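First comes the structure, then the notes that go with it.
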Amino acid sequence: MSTTLIVIAAIVVVLLVLITVNYYRMKNAEPVKNSKKIVTITKKNMKLALKKDVLLVDFWAPWCNPCKIIAPTLNEIAENETDIVIGKVNVDHNQDLAKKFKVRNIPTMVIFKNGVEVGRIVGVKTKRAILKQVRTSIAG
């Protein structure tokens with residue numbers, strides 16, 4: 001066997017070990033606690049929440065690893081952006097809302113302006129990308 005193949009095999013083994021370790025760390029990670037400024041949305045208070053000027057609703061589930069990853073970013077946006085209200089819908093407990101808003105994947109963030117959907121973000125995005133999408137959606 002050549003030295004190149006041995007090096008490539010060693011790199012592949014190291015990468016597999018790192019992926020496995022990170023998978024189990026993420027799987028067992030505690031959910032991030034929501035900021036006090038984040039509104040928990042249910043079927044009962046959805047109409048009231050939609051009365052906000054700009055509402056970013058995160059559809060999530062406790063078992064969803066990408067949802068755990070995006071949670072700190074949403075907490076930061078809720079704390080720092082006074083013109084955007086962040087709401088969270090647990091799709092396990094509110095399947096009717098997920099169906100109503102045609103949420104097929106989580107995390108999905110739906111942007112509302114004065115109660116009307118104006119944009120949608122699917123998957124994990126950076127704070128900058130989320131804010132850019134929200135600003136673009138409410139502007140146009």
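The values are calculated or read from the model by the stated rules, or taken from the named source; none is laboratory data. Just so you know, these numbers come straight off a predicted model, no measurement behind them. We place every Cβ from the backbone using ideal geometry, glycine too, and count neighbours over all the protein chains shown.
Listed conditions (1) within 25 Å of Ile130 (Cα to Cα); (2) not assigned by TED's automatic domain parsing to the domain that holds Leu131 are all met by Lys68, apart from (2). A single entry from Asp92, Asp53 fulfils the requirement of being more than 25 Å from Gln133 (Cα to Cα), in the same structural domain as Arg135 (by TED's automatic domain parsing) and either surrounded by fewer than 17 Cβ atoms within 10 Å (Cβ to Cβ) or of a type in the set (S, T, N, Q) (or both): Asp92. Output the residues belonging to the stretch 95-119 that are closer than 20 Å to Lys68 by Cβ and surrounded by 16 or more Cβ atoms within 10 Å (Cβ to Cβ). Listed by number, the residues that qualify are Ala98, Val103, Ile106, Pro107, Thr108, Met109, Val110.
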